[in-house]
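To start, the structure under review is shown below, and the notes come after it.
The values are calculated or read from the model by the stated rules, or taken from the named source; none is laboratory data. Everything numeric here is computed off the predicted structure, so don't read it as measured data. Using ideal geometry, Cβ is built from the backbone for each residue, glycine included, and neighbour counts are taken over all protein chains shown. Just so you know, the surface numbers come from the protein's heavy atoms only, side chains and all, with ligands and any DNA or RNA stripped out. Shrake-Rupley method; radii C 1.70, N 1.55, O 1.52, S 1.80 Å.
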Amino acid sequence: MSTPRGATTQFRYAHAAHPNWRLATELCLAQLESQARLPGYSSRATLGLVYITDHLAEVSSEILTFLKIRTGVPHWVGTLGLGVAATGVEYFDEPALVVMLADLPTHSFSVFSGQSPLPGLDQRTPSGALAAHTALVHADPSTPELSELILDLSNKVESGWIFGALSSSRYGSLQIADRTLQPDPVYGAGLSGVVFSSEVHLLTAVTHGCWPVQRQNLQLEHTARAHAHEVTACEDQVVTLLDGRPALQVLLEDLGAKDAQGVSRLARLSNGLFAGLASNRDEMARGDYLVRQIVGLEPNKGLIVLAAAVENGQQLLFCTRDAEAARSDLIRVCTELREEIEHDAALRAVTADTLGSTLTPSIRGALYFSCTGRGSNLFGEAGAELKLIQEHLGHVPLIGLFAGGEIARDRLYGYTGILSVFI
């Protein structure tokens, strides 16, 4: 049975868990080979993506070599994590791997690492596309000045958008960035991944899963609509004044708590108390903020302490995380992505009619990077987060990683989910 002319085929993907790495890899290969015979999937592939739990860290080289030889795919990227994800399922703290084989034009991507830099901003592919448009990035969390490196990398792609994750291994970080079919894979630390040209169509969205703590705003569906405060005095991680008033006093008013001792007794803070930080009001209004945990309160001086440096003039929104907020925001992200894809499909349909051909835009594959503090820890049961994506985005090929930090646009996030789709 052949695929209809002009229709897009989905990327092949696989997932498996088993203490024996060879058997786990064989299970994945069996799924990939089976999909190759189905009309809806691409029978060819040019790029492989693999995420491996740290239980298999010591045999990751063997796994990669096995995948390369059996699939014949020359280019691979990936990293290690405490958990990995696939369509509707997660594997956490057990030996497991997830694999995706992407069918992309050979010259539409380029694997990069410390040994292989990105193409230049003005470089073009043989088809005329910009060679460095966006990039999937994996990073070692122990890399010095990581936030600055992420910002610098985003400036090296035409769109300014990069996406990806920090590895979350307990046994040392490891990135896979391999450009050859040779038996020895290229490993490294720092930053690595794959840069995509402008002919690869990607959409990326960020989900926070937070609620504002303000009593008068608890009914709001999204934190960005709540009232944020301006940081008017701070030093490093310590916030002294918000809107010209003692920071702790502002927090207590937003919480409806009488004193700092009462904060710890609030049931809705069982998943922690956080601050959403944005550079200005416009960023806060569109939900483009960083979530950082509040790690200390100083009642005598009226201070609050964050797990990140703060700057004067930033917008700060007190928030908390719970399953309801996380579900609502993840549904919002999936809905917005589907609407954007449908809009793109409508535009392509007009072009197709003009050209007298048939085009069927769809999601070819998806990548999802979620904080290790999310998953079953936040959603209440294993796989609930992935099943929610499947329910609202559709049964699309998806793999991902539970990360030690998430990367989107030019920033390093925490406690978020980064969802990217190929169309």
Over region 13-115, relative contact order from alpha-carbon pairs under 8 Å, at least 6 apart, %:
39 percent
Per the chain, cysteines lacking a partner by the 4.7 Å Cβ criterion
Cys28, Cys234, Cys334, Cys371
What share of Cα pairs, in percent, lie more than 19 angstrom apart in region 89-181?
51 percent
Starting from the 7 Å offset along Cα-to-Cβ, what nm value, one decimal, do you get for the label separation of Lys387 and Ile69?
3.9 nm
Can you compute the modelled spin-label distance between Arg332 and Asn20, with each label point 7 Å from Cα toward Cβ, in nm?
4.8 nm
Partner aspartates and glutamates for Lys68 [C-alpha distance under 17 Å; skip if fewer than 8 residues away on the same chain]:
Glu26, Glu33, Asp103, Asp178, Asp184
With bins of 10 Å, the percent of all Cα-Cα pairs of region 64-114 per bin from 0 is 18, 44, 34, 4
Excluding same-chain residues fewer than 8 positions from Lys258, which lysines have a Cα within less than 26 Å of its Cα?
Lys301
Within region 154-176, which residues have the backbone N less than 17 Å from the label spot 7 Å out from Glu311 along Cα→beta-carbon, could you tell me?
154-155
Can you run phi through the Karplus equation (6.51, -1.76, 1.60; θ = phi - 60°) for region 195-209 and list ³J(HN,Hα) in whole Hz, with x for Gly and Pro?
9, 10, 7, 6, 7, 8, 8, 10, 10, 9, 9, 10, 10, 8, x
If you count only protein heavy atoms with a 1.4 Å probe, what accessible area per residue comes out for the chain, rounded to a whole Å²?
42 Å²
Using DSSP to call loops (not H, G, I, E or B), can you name the GluC sites (Glu not before Pro) in region 241-343 whose Cβ has at most 15 other Cβ atoms within 10 angstrom?
Glu311
Does region 15-80 come out rounded, prolate or oblate by the C-alpha gyration tensor, with a ≥ b ≥ c the root eigenvalues, rounded set by a/c under 1.5 and, if not, prolate when a/b is larger than b/c and oblate if not?
prolate
Taking 22 Å as R0, compute the FRET efficiency from the Cβ-Cβ separation of Asp93 and Glu62 and round it to 0.05.
0.55
Using helices alone, what [θ] at 222 nm do you get for the chain, with -39,500 (n - 2.57) per DSSP H run of 4 or more residues, divided over all residues and rounded to the nearest 500?
-7500 deg cm²/dmol
What FRET efficiency comes out for the pair Gln249/Leu121, r = Cβ-Cβ distance, R0 = 45 Å, nearest 0.05?
0.40
Dividing the alpha-carbon radius of gyration of region 37-123 by 2.2 N^0.38 Å (N being the number of residues), what value is obtained?
1.22
Quick one: pull the percent of accessible area on the chain belonging to carbon and sulfur, 1.4 Å probe, ligands and nucleic acids left out.
50 percent
Going by amide H atoms built from the backbone, whose H comes under 5 Å of the H on Phe112, apart from near neighbours?
Gly193, Val194, Val195
Pick from Ser43, Ser376, Ser270: which residue has the top mean-square fluctuation in a GNM of the chain where Cα pairs under 10 Å get a spring?
Ser270
Heads up, the chain by the C-alpha gyration tensor (a ≥ b ≥ c square roots of eigenvalues; a/c under 1.5 rounded, else a/b over b/c prolate, else oblate) looks prolate
Taking only C-alpha pairs under 8 Å that are 6+ residues apart, what is the relative contact order of the chain in percent?
20 percent
Between Ala233 and residues 5 or more places away or on another chain, which pairs have amide H atoms under 5 Å apart, with H built 1.01 Å from N, and which residues are they?
Thr240, Leu241
Full-stretch length increase - Glu298, His227 - with 0.36 nm per residue and alpha-carbon distance subtracted:
23.2 nm
Counting other Cβ atoms within 10 Å, keep those with at most 16, restrict to DSSP loop, and tell me which GluC sites (Glu not before Pro) in region 372-405 are left.
Glu381
Say a site is exposed when it is one of the trypsin sites (Lys or Arg not before Pro), sits in a DSSP loop, and has at most 10 other Cβ atoms within 10 Å; what is then the longest site-free stretch of the chain?
287-423
